[in-house]
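The values are calculated or read from the model by the stated rules, or taken from the named source; none is laboratory data. Please read these numbers as outputs of a predicted model, since none were measured by experiment. Counting neighbours? That spans all protein chains shown, and the Cβs are built from the backbone with ideal geometry, glycine included.
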């Protein structure tokens, strides 16, 4: 097996705190936060790749970048750069052939002509004269110079780029201002034509892998996110998670050289992204009884609070009981039987019929607190109290 060539490509993430980039869709956070956002919105978004307030791209259009570096080379690159604003140890992997079929192409490192002239050189748009390179191919151009004082060499990144197009429908996310925003990008868990057949999710630690498992399990059960973006159950089930610190140890300390590429990893290194329990029926009767007991306790508490505090005052709102333990068999049985609604990204809302006598949030808390206690005692300590204001 060759360790310098792989059929996989990796879109790695980095810390993102640049509000001037294309839209405000990936939010603000470190490379791991950006990865979770990519999974949540089910898509990769093109970027202008701003550095020092200006685009580093040519051609005037944003792109999605990926590298065909083997996975261990990426690990070493992350460590050597030691700059998570440029490259972090997180990302998604997909097949090179499928990325190509979507229109992605390898970049062009340098041109035969040394001195290139700009047709336009602005914050978002940087264009070369078309006699030097056609406009349709400028998005692929990366400066390359090994002979001048301004040494430029990014060829080790083995980069590919996908230019924004209308090939796919809009991908949706809620922006920082609270409104929905849309962009053309590449869905990652999709049944659309020319989509990825499998995705590798790259994280650094086993704890992060467990968190990603919960999120992907949530999308698998719901088959969509909170923005009603559909998720392909087939692609999710065919995907995997890779823990980079374990790959690094296997190669560096244990000398398992085949693990330098995703192609060489064995099944135990490709972690199942889903935790789905098929045998949940055994929990049904105890769930049914616990729900009944919780509703009785909640209604008694609501009646008592209405007598003790008859004046409806304070902020208006409602309490509710939720759970983030999507991978728990009890929660999965509650979803199947209608005792829980969702998942809403990575949490569920427990459906309880508890009558409220006042509009105040405090009154609602008084009613739901004993119901919460019963569910945690009779089922498992996996529930918590939440609320919203009217």
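Per the listing 314, 338, 342, the residue uniquely modelled with pLDDT under 95 and part of a loop (DSSP other than H, G, I, E, B) is 314. Of the residues examined, residue 360 is one that is buried (at least 18 other Cβ atoms within 10 Å of the Cβ) and out of contact with any helix residue (DSSP H, G or I) (no Cβ under 7 Å at 6 or more places or on another chain).
Put simply, of 386, 327, 353, 381 the only residue that is farther than 14 Å from residue 284 by Cα and in a strand (DSSP E or B) is 386. Among residues of the range 223-234 being surrounded by fewer than 20 Cβ atoms within 10 Å (Cβ to Cβ) and at pLDDT 95 or above, the one that is farthest from residue 180 (Cα to Cα) is 234.
Remark: residue 264 falls outside the filter, which requires a residue to be out of contact with any strand residue (DSSP E or B) (no Cβ under 9 Å at 6 or more places or on another chain), closer than 30 Å to residue 362 by Cβ and in contact (Cβ under 8 Å) with a residue 40 or more places away in the chain. You will find that of 77, 48, the residue that is buried (at least 16 other Cβ atoms within 10 Å of the Cβ), under 13 Å from residue 164 (Cβ atoms) and modelled with pLDDT under 90 is 48 and no other. Being touching a strand residue (DSSP E or B) at 6+ places or on another chain (Cβ under 6 Å), at pLDDT below 90 and more than 21 Å from residue 155 (Cα to Cα) is the filter; apply it to the range 85-140 and report the residue that is surrounded by the fewest Cβ atoms within 10 Å (Cβ to Cβ). Filtering the range 85-140 for residues that are touching a strand residue (DSSP E or B) at 6+ places or on another chain (Cβ under 6 Å), at pLDDT below 90 and more than 21 Å from residue 155 (Cα to Cα), the one surrounded by the fewest Cβ atoms within 10 Å (Cβ to Cβ) comes out as 123.
Can you give me the ranges of the strands (runs of 3 or more DSSP E) entirely in the range 32-144 with at least 2 residues that are free of Cβ contacts under 8 Å to residues at least 12 places away in the same chain and in the same structural domain as residue 224 (by TED's automatic domain parsing)? Here the list reads 118-121.
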